[in-house]
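Everything below concerns the one structure shown next.
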Amino acid sequence: MKIAQSLLALAVGLLAVGAQAAEPKVRFRVHTDTAPATPAAAAAPAASAAPKSSAAPAAAAPALSTATVAEPAGGARAPWQGASVPAQSVPVVYLAEWKKAKNRDRCAPLALVGAEKEAGLKVRRASFSDGWAVAYDAPDQRSAFGIAGTGLDIDGEGYRFPNNLSWSDGSKVSYGLEGGTGPGYLGYLEVAGQRCLYNIWSARGQKHLESLLLSLRKVQTP
């Protein structure tokens, strides 16, 4: 009798261990360009303040660099606060993608003005569920940088990177190494008056991402 009870207890214990081993681990995800690329990111595409899932609790964000960018006192004027640029002054893919996006009523098109002038760059659409996105391919690197108006609405609970800036109109951006390890950089941008979360990404480093932020302008819409 005692032997039978011992065997039963051992079987239950082995089943419990097997169940724990089979439990899937939650992974931290970011938005980035989903198209096949040379080493870079996750969905930007796949981009994001990690989307909330009903199937599992949100995972803790990975540790990032401790370096921070101080917010200027009072905030400077945002690059996009001026007049919107004419649609014909930016690649046609911007408005073409924005017009098809489900979030176009709450996510104005922002363009990286002048970025397309770099020799050898190819400007194309990038995939973002319910939103719009434009990626820039360099001759030696797909999705070298880009911007997206994601399908995620701002809820005040997004993931914060170590670098943070704000502007006088209430806009703000949080940016850092993508996924916490890089090598690419990713920024989560909240623009005053818009309800979507914008993603800006660059495989060329922090300084390049910061220059992209300064080039952003709203585009006139029909």
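The table below lists the values:
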read-out: Proxy reagent accessibility, fewest Cβ within 10 Å first, across TRP167, TRP80; value: TRP167, TRP80
read-out: Largest-first ellipsoid semi-axes for segment 115-218, taking √(5λ) over the Cα gyration tensor eigenvalues, angstrom; value: 22, 15, 14
read-out: Computed E for ALA119/SER168 - FRET, C-beta separation, R0 30 angstrom, nearest 0.05; value: 0.25
read-out: Per-pair calculated FRET efficiency, R0 = 22 Å: ARG160 and SER215 via Cβ, rounded to 0.05; value: 0.40
read-out: Linear extension gain, GLN81 paired with THR181, 0.36 nm per residue minus alpha-carbon span; value: 32.7 nm
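A short reminder: the numbers here are calculations on the coordinates, not readings from a lab. Keep in mind it's a predicted model, so treat the numbers as computed, not measured. A quick note on method: Cβ atoms are made from the backbone with ideal geometry, for glycine too, and the neighbour counts reach across all protein chains shown.
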